[in-house]
Amino acid sequence: MQIKVTKAMWFYGLINVLLLIALVLWVFQKNQTVEIVSPQLAHDKLQCVSYAPYYRKGDSPLIQGTWIKPSQIEDDLKLLSTISHCVRTYSVSQGMDYVPEAAAKLGMQVYLGAWIGWTDTDNVLEIKHAAQVANAYPETVKALIVGNEVFLRQEQDAEAMRTYFALAKSLTSTPITYADVWEFWLKHKNIADYVDFHTIHILPYWENNPVGIDEAAIHTEKVMEIMEGQFAKPILIGETGWPSVGRQRSESIPSVVNQARYIREFIQKANEKNWQYNIIEAIDQPWKRELEGTVGGYWGLISADLAPKFSLTEAVAERHDQFLLFMIGLVGSALFLTIALKQTESRVFILVGLTAFGGFGSMLMYLAYEYVQSASRDWLECVALGGLFSSGLLMMLIHPLRIMQLNLTTNKLMMRLKLVFLYAALLTGYLIYFDGRYRDFPILLFVLPVLIMMFELEKPKTTMINCLVQALPAALVLMFAVLCYAKEVTNNAAATWLLLSALLAYVNWPSQTVSTLTIRKSK
């Protein structure tokens, strides 16, 4: 089907201008501040925050031989002392036994963690060491937390944990507690007699039925009502918080604004109910992405470069980079306009269309680059996501020549790039459907390539090879996208992925007639 030149020119120019306007408005909106409830804070500080020092590139407690220098701990706690009265730790190994000493110098207190894992020998040594540290700093260590989410990880049973609690009590007069997700406390009520108080984790984002931000603080209140009705001893909310980046789960959306909103609404509720609490967490932990996906690395109030993400009292904005993004857009627009003029392009709608395409395409690629940085958990994902980013960038750069019909030798290259995204979408859909809890929808890597494919709509001819190479994968891409959406019908990301998958399947579906929106230059 050959579209009339005038209609094709008009459509191409208009759609690109509309896309540019939409993206500019989105960037502008994300850079606007949002008013959020401003709770009362004791001396303008939080009660307590989880502290782990593994925020630098390559740092991880999972790496054997890791050792944190006392100087880093001192510097970190000086920073955290400006926002919190207390820190919670999870282990006394790898140099973390120095935390109480550093905290004492700053007048801070510590919930001292003793890590309980698979190996009994290691667990006993950890408890003995933690008790020794607690005894050395009785005014600083508020409690000894023996084990963190051990039942969740299924690394020890209740009988073993009771033994560990008894050992800890025999070694220190410091109060003893155990920390786990609130549901696992309900499943293991029989350990209640062995601790001095209960430490529970309430994380609305991670619930089996994720809770949206509008209901998150209310959900936490309901959980506390359940727990207070089940247990007579005091309760510490040992972990609660919200991620700033990562995968949307149903209606639960990670964002800086949502993170600030949840924490501030939670603090207000905690003040009303006189809850004791600890926020997870102080500083982003990039290493957690290996275990929990992108979202695992972005629970901190402070980013990995030690910059606060938001104020605890003032209005909050999702982004602070509209000037940078708009400059990137202007440079992209100027570049594509220059390319068109250099090729003596004189058709107004094509000039307008390519100029607008350069603007929104450049901004989209910057956002896609951001996504690659945040989502790459290891070298394999870095190569895979980086490869998709590079493929999208290549499609963007050759698009002007193809839309002006100046370089038809790129047909084979474009077909290969289309297949790259088709098979990448197939693998993505498969992984998200069968193992999606910790996997993102890579929407930002696909938006621009799919748009380019729609601009240059050249459907493959119906042949046996094309049916096997393109039609079958296209059908599977759409099938997995539908299945993923069916699992999370309230997930905007899943709906967007379904739309992109449908368009990707369409442009790869063979047809007897070759359609094209490519605009030929008149002789």
May I ask you to say which residue of Trp299, Trp206 is modelled with pLDDT of 95 or more and crowded, with 22+ Cβ neighbours inside 10 Å?
-> Trp299
Those residues of the stretch 162-183 which are of a type in the set (Gly, Ala, Ser), closer than 28 Å to Trp206 by Cβ and in contact with a helix residue (DSSP H, G or I) (Cβ under 8 Å, 6 or more places away or on another chain) amount to Ala168
Top-ranked residue of the stretch 1-34 - restricted to ones that are modelled with pLDDT of 95 or more and in a loop (DSSP other than H, G, I, E, B), ranked as surrounded by the fewest Cβ atoms within 10 Å (Cβ to Cβ) = Gln32
Name the residue, out of Ala307, Ala282, Ala317, that is aliphatic (A, V, I, L, M), surrounded by fewer than 21 Cβ atoms within 10 Å (Cβ to Cβ), closer than 29 Å to Ile63 by Cα and at pLDDT 95 or above.
-> Ala307
Conditions (1) surrounded by 17 or more Cβ atoms within 10 Å (Cβ to Cβ); (2) outside any helix (DSSP H, G or I): number failed by Gly361 = (2)
Within the stretch 167-183, which residues are more than 25 Å from Ile267 (Cβ to Cβ) and open to solvent by 10 Å² or more (accessible area, probe 1.4 Å)?
-> Leu167, Lys169, Ser170, Leu171, Thr172, Ser173, Thr174
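Against the condition assigned to a helix (DSSP H, G or I) and in contact with a Lys or Arg (Cβ under 8 Å, 6 or more places away or on another chain), how does Ala270 come out, does it pass? Walk me through how you get there before you give the answer.
Working: assigned to a helix (DSSP H, G or I): yes; in contact with a Lys or Arg (Cβ under 8 Å, 6 or more places away or on another chain): no.
Taking the combined requirement at face value, the residue does not satisfy it.
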Among (1) of a type outside the set (A, V, I, L, M, F, W, C); (2) assigned to a helix (DSSP H, G or I); (3) open to solvent by 30 Å² or more (accessible area, probe 1.4 Å), Asn123 falls short only on (3)
Does Thr163 satisfy the criteria of being in a helix (DSSP H, G or I) and over 24 Å from Trp182 (Cβ atoms)?
-> no
Looking only at the stretch 144-158, decide whether some residue is acidic (Asp, Glu), free of Cβ contacts under 8 Å to residues at least 60 places away in the same chain and assigned to a helix (DSSP H, G or I).
-> no
Just checking, how many residues over the stretch 273-295 are of a type in the set (Phe, Trp, Tyr), closer than 15 Å to Thr220 by Cα and assigned to a helix (DSSP H, G or I)?
-> 0
Scan the stretch 184-203 for residues that are open to solvent by 40 Å² or more (accessible area, probe 1.4 Å) and either charged (D, E, K, R) or in contact (Cβ under 8 Å) with a residue 60 or more places away in the chain (or both) and jot them down.
-> Lys187, Lys189, Asp193, Asp196
For Leu341, are the conditions met, namely being of a type in the set (A, V, I, L, M) and within 22 Å of the chain's Cα centre (by Cα)?
-> no
Can you name every residue in the stretch 59-88 that is in contact (Cβ under 8 Å) with a residue 60 or more places away in the chain and part of a helix (DSSP H, G or I)?
-> Asp76, Leu79, Leu80
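Let's see how each residue does on (1) open to solvent by less than 50 Å² (accessible area, probe 1.4 Å); (2) at pLDDT below 95:
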residue	(1), (2)
His43	no, yes
Ile63	no, yes
Gln72	yes, no
Tyr90	yes, no
Trp118	no, no
From the options Gly246, Gly241, residue that is within 20 Å of Tyr438 (Cα to Cα) and open to solvent by less than 10 Å² (accessible area, probe 1.4 Å) = Gly241
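The values are calculated or read from the model by the stated rules, or taken from the named source; none is laboratory data. Quick caveat, the model's predicted, so the values are computed rather than measured. Glycine also receives a Cβ, built like all others from the backbone with ideal geometry; neighbour counts cover every protein chain displayed. These accessible areas exclude ligands, DNA and RNA; they are computed on the full protein's heavy atoms, side chains included. Shrake-Rupley method; radii C 1.70, N 1.55, O 1.52, S 1.80 Å.
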